[in-house]
Structure formats: C-alpha cells, structure tokens
Amino acid sequence: MSELNTNQLKAAQFEGKHLLVLAGAGTGKTRTIIARAVYLISKGVDPSKIQILTFTKRAASEIVSRVKASMGEQSGKNPTGSTFHSWCNQLLYNFPNVFGTAKFTIIDEDDQVSIMKMVCGNQKEAFKKLRLKPRKLVDLYSFARNTKRNLTDTLTVKLFDDVPENELEERLAEVKPLVESILRKYEMKKRERKYLDYDDMIQVVANRLNKDPKARQIIGKKYEHLLIDEMQDTNPLQWELIRPFQQICHLFCVGDDAQSIYAFRGADFKNIHNFKKNVKDAEVFRLEENYRSTSEILDVSNWLLDKSTLNYEKRLSAVRGSGIKPKIINVPNEWEEGYFIAAKIIENFTEKDKEYNDHLILSRSQNYTRSLQAIFIEKKIPFETYGGRSFMEAAHLKDVFSAFRVVNNNLDEIAWVRFLTFWEGIGEISAAKYIQELINKEDIEECIQWLEEGSKGPFEMIETLKGIASNMDKIDKAVEAAYGTMQARLAMKYVQDWDKKRKPDFPILTLLARNYSNLSEFITECLLDNSTKINNSPTLKKSEIQENKEEDAVIISTVHSAKGLEASTCFVLNVSPKVYPSAWSLGDIEKVEEDRRVLYVALTRAKDELFITRRTSSIYAEDHVTEDGSAVPTYFLNEFPEELTDQVFYSQEKGESVDAPIANDFDFDFGMDFS
DNA sequence: CGTAATCCCTTCGGC
DNA sequence: AGGGATTACG
C-alpha cells in the first residue's frame, strides 16, 4: 500500500461507520477502493463479506482481480464484485424464500415494450392521439420508479414540461387515468407471467429489506462492507436499496459530482452533496490530486467546469506537471476525422514506440464511430469497441435464448412468441393460439407433449426444447443441443452474414455456459453482461478464446462506457455544435450541464496527448459554425481560450488527387468478350 | 386466412 | 440492425 498518498491511505484505513470519498477524475478512485478491500481483509474481515458494487461488469472484475493480485496467493476467498443489477439478481436467486422469487424471468426493454404493446390493445388509438407509444410508456414507467416520483410528477416533468401552468391540470386529468390504467395492466401482466424488469430486480430487493427486519437479518449476515463505486450515478431507487444496509453494514462510497452522467437513468449527483444528511454516522473525504493527466489537459478540463453555472467546488491539481498542449482538430467531415485519427495512431505506433492500446477514442454515441471503424479496418488498425449493443441483444442469440427462456419459465409469453415464430410455417396467429394453451400447462414437459400433438411446428422445434430440458444441470450441453437443432433454421434466417458474423458466436456461448449450472442464472447473467463480446468478456478467460484475439488494440468507447478508463493518447470525437451539448439538450440547463460533464469525463481520460476533433461541415454543424470556425453560443467550445490549445485545420485527400479529368465519363471497357 | 417479403424508421447514453 | 407497418404471396 506504499503507493497511496496520505488522503488515499486515510480513506482506505477509515475506522468510522460510513465514508464518502469525493474523488475527482484521475485522483486514484479505483486504487483507493482496491486498497480499502485489501486493508479490510488484512484486518481479518472475511472477504466473502465484502461486496463491491460498480456500474459495469468490467469495472467489477477489474477491481476484484486487482484485489486478488495485491493479496498474493494467500487466500482462496475473494470479495465479490457486481453491478447493482447483478447483485440483486444473485440475491433473488439465492434467497427465493426471502424475496418470493422461486421462479422468474428477467426481461429487457424490448420485452417491456412487447408487454406494453399487448397491454395497450384496443386503446392504441387513444395513445396515438397523445403521441404516446409503448416505448415512451416504458420510459415513463421506468423514470418514475428510478426517481421515486409519483405518476403525476412524472407526467408533469417528462411529458408536460412545456405546458403552461394553467393548462397543466386539464392535461393531466385527460392523460393520467389512461396511463394509469395501462401501467396497472402492465404490472398485472408482470405478476401473472413472473416477469421482473431491470428496475424490479432492485425494487423487489429494496422493498423487502426496508420493510422486513427478518429479511434484513438474513441478508445482513452475509455482508459487512459495501464498497460502492461511481456513487454520483446512483439514483433514488438504488439509494433505497442501499438504505437498509446502513444499519447492518459499513458503506464505503466513492464518487465525483463532476462525472455524473446518468441523469437520464434517474441519477442525481446532488445526492452525494447530501450524503451526510442521508446517511447517519457518515464522513466525507476528498481527493483532489490528479495523477493521470498533464497540467495542460487539466487546464482544459478545469476551464470547462469553471464555465458551468453549477458549482462543482473542484479544481484538480496536476501532480505530473507540464506536458504538451491539447489540440483541437478542425476537420471537414467524419471521413477526414477518421483518416486524421488513423494517421496519428499509425504515426505513434510506428515512430513513437507506442502500443495500440495507448490510444482511446471517445464518442458521445456509438453511431459517430461507424466511419472510423471502417477506416480502421481499411488501415488494418486493430480495435475493440466498448458500449453499444451487447452480445445478447443480437437477434440470432435472442432466438436461441427464447428457447432457454420457455424451458425456464413456460409462462414466458414473449419468449414463446419469438421461439414459435422462429420456425418456418408458424406465424403470429398460430403462435398466439398455441400460447393460449401453453401458458396453462404445469411445466415445460407438458408443453412439449402438447406441442408434439397439437402444433404444426417442425421436428427440430420439439427437439430443441427436449434438448434443453434434459440438460438443465449442464448448461453448456443444453446450448450445444439447442444450437444443433436450431442451426439449420438460423443459417437460413440470417443468410447474408451467417457464416462470418453470427455463427462464430455460438462456440462462445457454449464457453460462457460452462460457468453455470442453473438455467435461470445463466439467462439473466448473460442478459446483464453488456461487456460480453469476443474480445473483452470478463466472464470468459482470455486463454479460452484464441481466435481473433488481438492483445493490443485501440479502444473505441462511448463516454458512458469509458468510466475508469484512461490512455496516454485520447481522441475525443466530434466535439461539434449540437453534439456538445447535443441538440436535444438545448434549452434545458440541466441537460446541458450533464452534457458538459460527459465532455469533462471524456477530456479527463487523457494522460499525455489529447486531440479534440470538430467537424466543421457535418450535418449537425452546418448552420452553427461560421466560415472562420467560430461557433454559436450554444456550444461548449465557444469562447474557448486560444492559449489553452493548438488549433489545426485538417483536410487531406484520401488518395492521389487528380485535378483535371484524365478519363472521359463512362468511357470504359467493361471487359466482356462477346465473340 | 396465415405467412413471407419489402420498405421504412429509429431519435444518445446502459444495467 | 432490427422491429413495425404495409403489401405480396400461397
């Protein structure tokens, strides 16, 4: 623990009840959590009674493995690290009698929307008039529960934001009963079908623990210390989950108000300002010495925060001292942006002795990186992507999972629809008819029997279910069985890219399944593991996958997925008007401030070299950047002090440029020999 | 009548 | 890229 500074050490060895560590970017947040865990274990705390909570599985597994590494060989036991959701899932699964969850299926947003659609039924027209689609209803419902707002407040905030006060009551009276009846039906459906959505996973655990002392006693025996990362991103629902543990555990929370970027999920960073008020017997420590970045990079980051109307009470000091100035790169479009980045990386790699993984590319959203990825492929630069769609959300995997889901819970209507219509010859109508029967069966065996006699599905359909049902304790065998019988149909359904893109996922799925002996647990954990991808699955041991494994690769990440990441060279992509802040944030000061924090998180990832690219002629920027490059006031880099960065105007022809045509239009030889 | 094929739209971010 | 609505097909 010698590498800790005084304040970090003070935090790691804290002897009071609860602690909040307010730690700015790059101040050693992760290191402090790790040191805390190691310290507790060295003081004799049973490692299994330490629970680490993080926002991503990647962060969890990184912290756990680093704790393991710094303790050496000595102990077989380790603290567990999970996301809030995955932790709740394990509690629900391990203590079914405490929570009343003997049999359940976790559903994702798409499933929620499907249920909402079923529930809306004949009221579709009414909602069309209000422009309330099922997806919007799911949004409202989730927002209400994550922020613990009632329906009236939720509608007022999310729907009637710009309705004048005197009309508000009228609008509410018109809309609220309608929404209420739908949401009640939605909840009824969840109960009937034993569905839990993501929010339920937390809500159910939180409710029980808050209300039932006996439940607190049972669960409390398992945990002594909760170490919570990214505290600024916890929302009121998660606070409700943590609250009962104030009595039975020690809380060690780490967070940074300036890096709060999950308000869309109901997080409110002001909660950590009120930490002492909300948590009895709590203390607050601060870490403000930044070990990551050069002072030039911090100057830019600090400037951005200073411009805020909010007071983050934060000014990080650079321990490392001075380096090189960040650069703003003005590029005409996304392709030039990509070529610039590729050229820079190749230069660093070939001439400056840097690795690919010294480079991190940060984007506001996944789709701004599309052309960049194409260019990297063209230039043969290896890369990994973080964020965006997960492994399990791919259609072909959802198909296979629908089979697991119906075997796991034969009330799972949504999975039945997907599974039945997967097969040739069964459409929605037949599926609906079958499902009427299937959900009244006792178990999957009865379902299989009924399908054999009463359906027109192919032989493989029945075999798939049988194959899974007979391998319930060997999940990898179940995966192989299901894949075997579904393969032919899968290959047909996804002809275009089956061989090269989709088929290779199945050996990986089998490997993943090897770690599980319970179907329900497997299904949920896969669903919750957003980072499960070929190249970076914490669940999969690296050695288990040889193919396509690039040890050294550039990381392309959304800012939201880049929490805790850092790199020597960072490219912050497309810092253009209408992106920072984004077009849909304009006019809403809280959203603009959140976007500011998103950019702040991005800027503070860089250790040595920071490139900020700006597209001067993207469709978004067109109307907002004048010809000399200055921007409209609704843009963070407006008024940017020139001395903080170097500006570069970059434009490079992709190939050899040819000024005058040397070939006539369409004057080709098509090469056909007609003789 | 039920299923398959085609076009169109998505509004970021993620457990 | 995937799902929804619409249209074509059997």
Could you list, ordered by first residue, the pairs with Cβ atoms under 6 Å in which the first is in region A:103-114 and more than 15 Å from A:Thr524 (Cβ to Cβ) and more than 9 Å from DNA strand B (Cβ to nearest atom) and the second is of a type in the set (Lys, Arg) and assigned to a loop (DSSP other than H, G, I, E, B), at least 6 apart or interchain? none
Which residue, of A:Arg135, A:Arg208, A:Arg191, A:Arg171, is at pLDDT 90 or above and touching a helix residue (DSSP H, G or I) at 6+ places or on another chain (Cβ under 9 Å)? A:Arg208
Tell me, yes or no, whether region A:339-361 has at least one residue that is free of Cβ contacts under 8 Å to residues at least 60 places away in the same chain, buried (at least 18 other Cβ atoms within 10 Å of the Cβ) and over 24 Å from A:Glu643 (Cα atoms). yes
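Can you go through A:Val407, A:Val400 and tell me which one is over 21 Å from the mean Cα position of the chain (by Cα), in a helix (DSSP H, G or I) and more than 15 Å from DNA strand C (Cβ to nearest atom)?
A:Val407
Taking the options A:Ser470, A:Ser455, name whichever one is in contact with a helix residue (DSSP H, G or I) (Cβ under 7 Å, 6 or more places away or on another chain) and of a type outside the set (Phe, Trp, Tyr).
Working: A:Ser470 fails: in contact with a helix residue (DSSP H, G or I) (Cβ under 7 Å, 6 or more places away or on another chain).
From the options A:Ser470, A:Ser455, the qualifying one is A:Ser455.
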Criterion violated by A:Lys354 - all others in (1) touching a helix residue (DSSP H, G or I) at 6+ places or on another chain (Cβ under 6 Å); (2) within 16 Å of DNA strand B (Cβ to nearest atom); (3) not aromatic (Phe, Trp, Tyr) satisfied: (2)
Take the residues in region A:120-131 that are among the hydrophobic types (A, V, I, L, M, F, W, C) and within 13 Å of DNA strand C (Cβ to nearest atom), then tell me which one is modelled with the highest pLDDT. A:Cys120
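Of A:Ile107, A:Ile50, which residue is farther than 30 Å from A:Ser295 by Cβ and within 16 Å of DNA strand C (Cβ to nearest atom)? Reasoning before the result, please.
Values: A:Ile50 fails: within 16 Å of DNA strand C (Cβ to nearest atom).
On inspection, the qualifying residue turns out to be A:Ile107.
Here's the yes/no breakdown for (1) in contact with a Leu (Cβ under 6 Å, 6 or more places away or on another chain); (2) surrounded by 18 or more Cβ atoms within 10 Å (Cβ to Cβ):
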residue: A:Glu230; (1), (2): no, yes
residue: A:Pro244; (1), (2): yes, yes
residue: A:Gly266; (1), (2): no, yes
residue: A:Phe275; (1), (2): yes, yes
residue: A:Ala282; (1), (2): no, no
residue: A:Arg292; (1), (2): no, yes
Expected single match for surrounded by fewer than 17 Cβ atoms within 10 Å (Cβ to Cβ) and modelled with pLDDT under 90 among A:Lys77, A:Lys10 is A:Lys77
If A:Phe340 meets every condition in (1) more than 16 Å from DNA strand C (Cβ to nearest atom); (2) not in a helix (DSSP H, G or I) apart from one, which number is that one? (2)
From the set of residues in region A:420-446 that are under 10 Å from A:Asn410 (Cα atoms) and assigned to a helix (DSSP H, G or I), which is nearest to DNA strand C (Cβ to nearest atom)? A:Ile435
Name every residue in region A:261-310 that is small (Gly, Ala, Ser), in contact with a Ser or Thr (Cβ under 7 Å, 6 or more places away or on another chain) and within 26 Å of A:Trp239 (Cβ to Cβ), in order of residue number. A:Gly266, A:Ala267
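Return yes or no: is A:Lys314 part of a helix (DSSP H, G or I), among the charged types (D, E, K, R) and in contact (Cβ under 8 Å) with a residue 60 or more places away in the chain? Full working, then the answer.
Details: part of a helix (DSSP H, G or I): no; among the charged types (D, E, K, R): yes; in contact (Cβ under 8 Å) with a residue 60 or more places away in the chain: yes.
In short, no.
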How many residues of region A:330-349 are over 13 Å from A:Phe376 (Cβ atoms) and modelled with pLDDT of 90 or more? The answer is 2
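Quick check on A:Asp256: is it away from DNA strand B (no atom under 14 Å from the Cβ), charged (D, E, K, R) and surrounded by 22 or more Cβ atoms within 10 Å (Cβ to Cβ)? Working first, answer last.
Values: away from DNA strand B (no atom under 14 Å from the Cβ): yes; charged (D, E, K, R): yes; surrounded by 22 or more Cβ atoms within 10 Å (Cβ to Cβ): yes.
In short, yes.
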For A:Asp412, all conditions in the list (1) touching a helix residue (DSSP H, G or I) at 6+ places or on another chain (Cβ under 6 Å); (2) modelled with pLDDT of 90 or more; (3) within 16 Å of DNA strand B (Cβ to nearest atom) hold save one; what is the number of the exception? (3)
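Being assigned to a helix (DSSP H, G or I), polar (S, T, N, Q) and either under 14 Å from A:Ser561 (Cβ atoms) or more than 16 Å from DNA strand C (Cβ to nearest atom) (or both) narrows it down to one residue among A:Thr385, A:Thr369; which is it? Let's see the steps before the verdict.
Numbers: A:Thr385 fails: assigned to a helix (DSSP H, G or I).
The conditions single out A:Thr369.
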What are the pairs with Cβ atoms under 6 angstrom where one residue, in region A:456-479, is without any contact (Cβ under 8 Å) to a residue 24 or more places away in the chain and the other, located anywhere, is charged (D, E, K, R) and not in a loop (DSSP other than H, G, I, E, B)? Sequence gap at least six, or different chains. A:Ile462/A:Glu452; A:Asn471/A:Lys477
Just wondering, is there one or more residues in region A:615-625 that are closer than 30 Å to A:Lys158 by Cβ and either at pLDDT 80 or above or of a type in the set (A, V, I, L, M, F, W, C) (or both)? yes
Please work out which residue is surrounded by the fewest Cβ atoms within 10 Å (Cβ to Cβ), limiting yourself to region A:127-157 and to residues that are of a type in the set (A, V, I, L, M, F, W, C) and farther than 13 Å from A:Leu178 by Cβ. A:Val157
Tell me whether region A:83-94 contains one or more residues that are out of contact with any Ser or Thr (no Cβ under 8 Å at 6 or more places or on another chain) and either away from DNA strand B (no atom under 16 Å from the Cβ) or farther than 30 Å from A:Asn410 by Cα (or both). yes
Helices (runs of 4 or more DSSP H) enclosed by region A:266-309 - at least 2 residues per element that are touching a Phe, Trp or Tyr at 6+ places or on another chain (Cβ under 8 Å): A:295-306
Count of residues meeting criterion [among the charged types (D, E, K, R) and at positive phi] in region A:261-309: 1
Among residues belonging to region A:473-495 that are over 20 Å from A:Trp423 (Cβ atoms) and surrounded by fewer than 16 Cβ atoms within 10 Å (Cβ to Cβ), point out the one that is modelled with the highest pLDDT. A:Lys474
Examine region A:110-125 for a residue that is on the phi > 0 side of the Ramachandran plot, surrounded by fewer than 15 Cβ atoms within 10 Å (Cβ to Cβ) and not basic (Lys, Arg), and state whether such a residue exists. yes
Please verify whether A:Lys158 is within 13 Å of DNA strand B (Cβ to nearest atom) and not hydrophobic (A, V, I, L, M, F, W, C), treating the condition exactly as stated. yes
Tell me which helices (runs of 4 or more DSSP H) are completely within region A:1-111 and hold 1 or more residues being within 27 Å of A:Leu565 (Cα to Cα), of a type in the set (Lys, Arg) and out of contact with any strand residue (DSSP E or B) (no Cβ under 6 Å at 6 or more places or on another chain), or say none if there are none. A:6-12, A:29-42, A:57-71
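The values are calculated or read from the model by the stated rules, or taken from the named source; none is laboratory data. Being a predicted model, the structure only gives us computed values, none of them experimental. Here the Cβ is made from the backbone with ideal geometry for all residues, glycine too, and neighbour counts use every protein chain on show.
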